[in-house]
Amino acid sequence: MEINNAQELKALMITEVLEYYAEKTGKALEFLADLLETSSEFRDLIMGEVEFIALKLL
């Protein structure tokens, strides 16, 4: 997979974190994606994970 810009990298990281939570909780990925858009608490949790990963990459 070729990543061309920061937005694509961010989207990939969000997807990876959501897939991890889907596997961990047994919820459908689509359900968690909808939750990401509707719940600020869940969005903060996911984006915190994404930030943590990003800081590890630096």
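Can you list, bin by bin at 10 Å, the percent of alpha carbon pairs in the chain, starting at 0?
Percent of Cα pairs in each bin: 23, 54, 23, 1.
Quick check: with the 1.4 Å probe, what order do LEU18, LEU35, LEU45 take by accessible area, largest first? Please report the intermediate quantities before stating the final value.
On the way: LEU18 10, LEU35 55, LEU45 80 Å².
The ranking, largest first, comes out as LEU45, LEU35, LEU18.
Could I have the simple spin-label model distance between ILE3 and GLU41, label points 7 Å from Cα toward Cβ, reported in nm to one decimal?
3.0
Order LYS56, LYS10, most accessible first, counting only protein heavy atoms with a 1.4 angstrom probe.
Final ranking, largest accessible area leading: LYS56, LYS10.
With all protein chains present and a 1.4 Å probe, how do ILE46, ILE14, ILE53 order by accessible area, largest first?
Heavy-atom accessible area, descending, gives ILE53, ILE14, ILE46.
Which lysines does LYS10 reach when only Cα atoms under 16 Å apart count, and residues fewer than 8 places away in its own chain are ignored?
LYS56
Obtain the nm distance between the two label points defined at GLU19 and ALA54 by a simple spin-label model: each point lies 7 Å from its Cα along the Cα-to-C-beta direction.
2.0
The values are calculated or read from the model by the stated rules, or taken from the named source; none is laboratory data. The model shown is predicted, which means the values in this text are computed figures rather than measured ones. FYI the Cβ positions are ideal-geometry reconstructions off the backbone, even for glycines, and counts take in every protein chain you see. Just so you know, the surface numbers come from the protein's heavy atoms only, side chains and all, with ligands and any DNA or RNA stripped out. Shrake-Rupley method; radii C 1.70, N 1.55, O 1.52, S 1.80 Å.
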